[in-house]
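The values are calculated or read from the model by the stated rules, or taken from the named source; none is laboratory data. Just so it is clear, the model here is predicted, and its values are computed rather than measured. Backbone-built Cβ (ideal geometry, glycine too); neighbour counts: all protein chains shown.
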Amino acid sequence: MIIRKDKSGLNAIRIPTDLDIAWAAGIYEGEGSCVKGGHGNRSFVVSVSQKDPEMLYRMRDFFGGAVKEYPNDRGTNKNGHQPFTIFAWRVCGDRARVFLAVIYSYLTARRQFQIDVTPVRIFLNLVGAVPRESGLCFVQNILAEHVHHQRRLAAERRKKYTQKFYEDRKSDPSFMKKRREQTAAWRARNKVVAIA
């Protein structure tokens, strides 16, 4: 699971009640999708599309993400109606994990299976059963702990890799000479004076 800093402009601005979560699950059940995305399909995107954006803005307020407008340029349909605009609410990353974990118990088996084949299954295994009351706070707290733990593990792995990298190359004179030249060039660019 890749941990990245969230964009603050995509955060939720309201706290949903249990009824709001059940409502959002119904909207997702009827109109939503969860597809793999990102580099190498390591992430996923949750989206809901509608002609009327009112409910999508409500979803955005409760769970974050963004609502975008897409023109439907398929021409006139068989009834002679003109093309219309489609609005889509999209949420990805940690916000999508939280959203799917909270609504998961309200969904049908078919929708649960669609979620299970995405990387969110790892997060659902970590979270376990989400209580229906205060489920959003429960999941967000677990996510915060998980992100903190993953970042700490990544920092430890990076530190071990760096130590091993330099230990393996200390005995190579050409590498050390090149390293000293790079350090001298960096000091010259940044006007860093070495204190002896």
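Tabulated values for the structure
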item	result
Answer from 75, 64 - the residue that is within 27 Å of residue 117 (Cα to Cα) and either crowded, with 18+ Cβ neighbours inside 10 Å or modelled with pLDDT under 85 (or both)	64
Filter result for residue 102 (modelled with pLDDT under 80, under 22 Å from the mean Cα position of the chain (by Cα) and among the β-branched types (Val, Ile, Thr))	no
Among (1) at pLDDT 90 or above; (2) among the small types (Gly, Ala, Ser); (3) on the phi > 0 side of the Ramachandran plot - the single one residue 38 does not satisfy	(1)
Of residues in the stretch 138-196 being of a type in the set (A, V, I, L, M, F, W, C) and outside any helix (DSSP H, G or I), the one modelled with the lowest pLDDT	196
